[in-house]
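Every read-out reported here was derived from the displayed coordinates using simple, explicitly stated rules and does not represent laboratory data. Since we're looking at a predicted model, the values are computed, not measured. Please note: Cβ atoms are built from the backbone with ideal geometry, for glycine as well, and neighbour counts cover all protein chains shown.
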Amino acid sequence: MEKSEILILNGPNLNMLGIREPHIYGRESLEDIESMSRDQARLHGLAVDFRQSNFEGELVTIIQQARDNACGIILNPAAYTHTSVAILDALKLTELPVIELHLSNPHTREKFRHKSFVSEVATGIICGFGSFGYILAIDALARLIDSD
Ligand code: DQA
């Protein structure tokens, strides 16, 4: 059976979107973004497994499971972007296309946000477009999956 599900995975504190520093991350909640993402994925005939966790190990487990269940990953690793070798290693073992996504543009922010462990394995990176980035990432991933 051909896989037609994508994993959209969100890291720590993204469950607080809408409340959390709205001047940086916008006023939409993660639920708003989830519903927008499902609509956009549907246009490409893709189902979405939309997840969020505040725990590094849980993110690793979800990424490991994607190996069998998903045909691609959109990942906003949030603060773990800048620290997590464990997430990098999990992504390596999936061998799936990965879009790294950030609502803000980390390169215009504090220096510690300029380093991303995930970028090393990302097929592409989308940042600085707020919640619209999720739409862009889905379109990009759909194209990558199609050209496989
Ligand atoms: C973020 C950027 C990270 O630096 C930060 O720690 C986040 C969110 C973004 O979406 O802009 O939590 O990934």
Selection of chymotrypsin sites (Phe, Trp or Tyr not before Pro), the stretch 1-78, meeting DSSP coil and at most 12 other Cβ within 10 Å: PHE55
Given Cα pairs under 8 Å that are at least 6 residues apart, what percent is the relative contact order of the stretch 10-75? 35
Convex hull projection area averaged over all views, the chain, Cα basis, nm²: 7.9
Mind checking which lysines have their C-alpha under 25 Å from LYS3, skipping anything on the same chain fewer than 8 residues away? LYS92
Suppose the chain between ASP49 and ARG143 were pulled fully straight at 0.36 nm per residue; how much longer would it get relative to their current alpha carbon spacing? 32.0 nm
Please work out the FRET efficiency for the pair ASP32 and LEU136, using the Cβ-Cβ distance as r and a Förster radius of 22 Å; give the result to the nearest 0.05. 0.85
Please list, in order along the stretch 66-81, the HN-Hα scalar couplings obtained from phi with the Karplus expression 6.51 cos²θ - 1.76 cosθ + 1.60 (θ = phi - 60°), rounded to whole Hz, x for Gly and Pro. 4, 3, 8, 9, 10, 10, x, 10, 10, 10, 9, x, 6, 4, 5, 3
Mean separation of Cα contacts under 8 Å (at least 6 apart) over the residue count of the stretch 5-147, i.e. the relative contact order in percent, is 28
